[in-house]
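Take a look at the structure set out below.
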Amino acid sequence: MSVYLDYQAAKPVDVRAISEMTIYLNQKFANPASLHCDGDDATDALMKYRRKIAEFINAPDPDSIIFTSGATESNNLALIGTAMRYRKKGDHIIISEIEHISILNIAKYLERQGFNVSRVPVNQYGIIRLDKLERLITDKTILISIATASNEVGSIQPIKEISEIAVKHKILFHTDAVASESVIPIDVQEIPVDMLTLSSNDIYGPRGIGALYLKKGVRINPIIIGGGQERGMRSGSENVPGIVGFGKAAEIMKREINDEASRLQILRDKLIKGILETIPNSYLNGHPEKRLPHNVHFRFDFIEGESLILSLKDEGIAAATGSACSSKTLEPSHTLIAMGLLHMEAHGSLAITLGRYTKEEDINELLEKLPNIVKRLRLLSPLTPPDLIKKYNEVN
Ligand code: PMP
């Protein structure tokens, strides 16, 4: 693809992270559990890069970082680990209607195990309704899990207010920070979360590695049992090369995040303005201001998101429709439906996510090609009203 605008789905690994991790694949390859010198090298690497992840989120204690295989596993550990630990105390968990599919499916699994799950609704911008959240809390509520931002429409959630509600009611609070971790700095001391999910690839580290921040003193049950690695919270020999790459990527991201977010926000705003100006019947999904600096999510009347993506693909442009992680399903996005869109409206969506290697020329190219693609699809669509077809034909 000549223009890649699908950074929420996958990011390239930063070459600086690759060069740092490769020696741990074939030279310093020992297992940290081994007592020989090579094992000590691996243990030192684990300590060094665990500290970098802790610094990335301003966690005071590196031991609060539990390495996992990625965000899905971290979410499983947070939700199932909490549910199993506290099931005698309470059986009620609160999530939002627009969580990532991994959280939604874990919630369904817990419901099958006898837990009650409430889903906080969102407003038309995809921002959770704080008034409703507080009303859902009961004396059986053990956990609130709400993502820092929507991985689909990019709406940024009022995490500080949610954490204050959780503290007030003495309920554990978990947030999946994956959608925002490359553009919004995380400070777990400023916003007191109990658990926070991180993914390595979302900050340009390798795949197959992630972490759960587990605040000191917070106890949950492990879900993977074995040799007792990660203080017993996640057994299995550590993925040392992955951890090194993840740690290096976090170090770089911490340094560059503010500049990168400002640069992407300018490109994002240019794209949003350009689309609204050149394409009739186009609507920005998500909040106009409280949105991730790299997220552009649009809905176009009368056409299908799938045909739009395929037409863009023919032009060498990679974008996504609906949810970046499961765009191959034909179901309309649960997030858009929760925001009040009709099924038909939700189907005409385009998700664009910018990243470290997005250039202004990429935005210009999309702005040059998209209006014509939308026009061509609309002229073919039986849903397009005659007055819009007439308007399009008059311009020719
Ligand atoms: N949470 C969010 C918000 C995501 O966007 C994703 C997908 N990138 C995940 C969790 C799951 O990540 P993974 O597939 O790497 O486990």
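The values are calculated or read from the model by the stated rules, or taken from the named source; none is laboratory data. What you see is a predicted model, and the numbers here were worked out from it, not measured in a lab. All Cβ positions, even for glycine, are placed from backbone atoms using ideal geometry, and neighbour counts span all protein chains on display. Just so you know, the surface numbers come from the protein's heavy atoms only, side chains and all, with ligands and any DNA or RNA stripped out. Shrake-Rupley method; radii C 1.70, N 1.55, O 1.52, S 1.80 Å.
Overview of results
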read-out: Search result, residues across the range 80-116 that are among the aliphatic types (A, V, I, L, M) and either within 12 Å of the ligand (Cβ to nearest atom) or in contact with a Lys or Arg (Cβ under 9 Å, 6 or more places away or on another chain) (or both); value: I94, I95, I98, I101, I103, L104, I106, A107
read-out: Residue under evaluation E111, criteria (1) under 22 Å from I223 (Cβ atoms); (2) touching a residue at least 60 places away in the same chain (Cβ under 8 Å); (3) acidic (D, E); (4) open to solvent by 60 Å² or more (accessible area, probe 1.4 Å), criterion not met; value: (2)
read-out: Exclusive hit being under 24 Å from V3 (Cβ atoms), aliphatic (A, V, I, L, M) and open to solvent by 10 Å² or more (accessible area, probe 1.4 Å), set L367, L342, L354; value: L367
read-out: Selected residue (only one of P158, P192, P121, P185 is closer than 25 Å to D6 by Cβ and away from the ligand (no atom under 16 Å from the Cβ)); value: P185
read-out: Qualifying residues in the range 167-182 (those that are within 15 Å of the ligand (Cβ to nearest atom) and in a strand (DSSP E or B)) - the one surrounded by the fewest Cβ atoms within 10 Å (Cβ to Cβ); value: T175
read-out: Among residues of the range 125-166, those that are within 20 Å of the chain's Cα centre (by Cα), of a type in the set (S, T, N, Q) and open to solvent by 10 Å² or more (accessible area, probe 1.4 Å), counted; value: 3
read-out: Filtered residue count, the range 207-222, keeping only those that are touching a residue at least 12 places away in the same chain (Cβ under 8 Å) and surrounded by fewer than 24 Cβ atoms within 10 Å (Cβ to Cβ); value: 8
